Amino acid sequence: KNEVEQSPQNLTAQEGEFITINCSYSVGISALHWLQQHPGGGIVSLFMLSSGKKKHGRLIATINIQEKHSSLHITASHPRDSAVYICAVKDYGGSQGNLIFGKGTKLSVKP
Amino acid sequence: EAQVTQNPRYLITVTGKKLTVTCSQNMNHEYMSWYRQDPGLGLRQIYYSMNVEVTDKGDVPEGYKVSRKEKRNFPLILESPSPNQTSLYFCASSYDRDTGELFFGEGSRLTVL
């Protein structure tokens with residue numbers, strides 16, 4: 001079941017470029033998470049969204065509930081942004097507490 | 001410092017030898033959860049807990065057990081590990097199941113020979 005799809009799977013950018021990572025989902029949700037995983041494995045929560053838009057530094061996350069789509073934008077990308085970005089949704093109609101994950105987008109930012 | 005602590009971080013074991021991976025959080029979070037991460041499959045939820053003494057299965061619970069006797073601890077138990085349980089495991093917690101930010105442990109890399 002591919003209830004959460006991310007695109008692209010892999011992304012290479014030059015330092016300074018504007019980056020967009022997309023997440024589409026097929027279920028009704030109560031919340032969507034964007035996560036960052038650096039080489040070496042640790043996972044950090046970037047955003048949790050249930051509507052609208054959030055901004056933190058150079059990162060912006062948006063969600064369109066009607067279209068079942070979210071985007072993560074990185075402005076003025078930097079090599080330290082190189083990581084895997086993972087989208088996860090809390091299925092509103094599914095088992096309480098169950099999270100469904102996308103397979104991740106691997107971002108590499110070249111200096 | 002707010003954190004989720006997992007132990008051990010690395011473990012090599014043999015088939016059938018029971019093991020426990022501990023998870024502890026210091027944020028008084030109600031919701032805790034275990035995930036495994038495998039190449040090509042991404043993160044998958046094993047078990048979760050909404051509060052003390054309340055646990056439920058995720059997508060891949062077979063071969064695992066959990067308990068939530070105290071709010072801060074949520075151990076993952078492999079009663080009889082098998083090689084297909086070789087994986088990278090993450091514990092996470094949040095204030096509540098619906099809207100809380102997720103805090104992850106550093107991960108536990110388990111190899112079952």
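The values are calculated or read from the model by the stated rules, or taken from the named source; none is laboratory data. Given the structure is predicted, the values throughout are model-derived calculations rather than measurements. Don't worry about glycine lacking a Cβ; one is built from the backbone with ideal geometry, like all the others, and counts go over all protein chains shown.
Restricted to the range B:47-60, and to residues that are closer than 14 Å to B:Phe90 by Cβ and either more than 11 Å from every other protein chain (Cβ to nearest Cβ) or among the aromatic types (Phe, Trp, Tyr) (or both), which residue is surrounded by the fewest Cβ atoms within 10 Å (Cβ to Cβ)? So, considering only residues that are closer than 14 Å to B:Phe90 by Cβ and either more than 11 Å from every other protein chain (Cβ to nearest Cβ) or among the aromatic types (Phe, Trp, Tyr) (or both), the one surrounded by the fewest Cβ atoms within 10 Å (Cβ to Cβ) is B:Val60. Of everything in the range B:73-90 that is crowded, with 17+ Cβ neighbours inside 10 Å and more than 12 Å from the chain's Cα centre (by Cα), the residue that is farthest from B:Lys17 (Cα to Cα) is B:Gln85. The residue of the range A:23-40 that is farthest from A:Asp81 (Cα to Cα), among those that are of a type in the set (Gly, Ala, Ser) and not in a loop (DSSP other than H, G, I, E, B), is A:Ser30. Here is the figure for the range B:22-46: residues that are surrounded by fewer than 22 Cβ atoms within 10 Å (Cβ to Cβ), in contact (Cβ under 8 Å) with a residue 24 or more places away in the chain and among the hydrophobic types (A, V, I, L, M, F, W, C) total 1. Selection of first residues in the range A:75-90 that are of a type in the set (D, E, K, R) and of second residues that are assigned to a strand (DSSP E or B) and modelled with pLDDT of 95 or more, restricted to Cβ pairs under 6 Å at least 6 apart or on distinct chains, gives the following pairs, ordered by first then second residue: A:Asp81/A:Ile74; A:Asp81/A:Val109.
For the range B:31-46, the set of residues classified as closer than 16 Å to B:Ser67 by Cβ and either small (Gly, Ala, Ser) or more than 10 Å from every other protein chain (Cβ to nearest Cβ) (or both) consists of B:Ser33, B:Trp34, B:Ile46, listed by residue number.
Candidates B:Gly63, B:Gly16, B:Gly100, B:Gly40: the one that is outside any strand (DSSP E or B) and within 23 Å of A:Ser30 (Cβ to Cβ) is B:Gly100.
When A:Val89 is tested against (1) within 14 Å of chain B (Cβ to nearest Cβ); (2) modelled with pLDDT of 90 or more; (3) not in a strand (DSSP E or B), just one condition goes unmet, and that condition is (3). Being closer than 14 Å to A:His38 by Cβ, surrounded by fewer than 19 Cβ atoms within 10 Å (Cβ to Cβ), within 14 Å of chain B (Cβ to nearest Cβ) and not polar (S, T, N, Q) is not true of A:Lys54.
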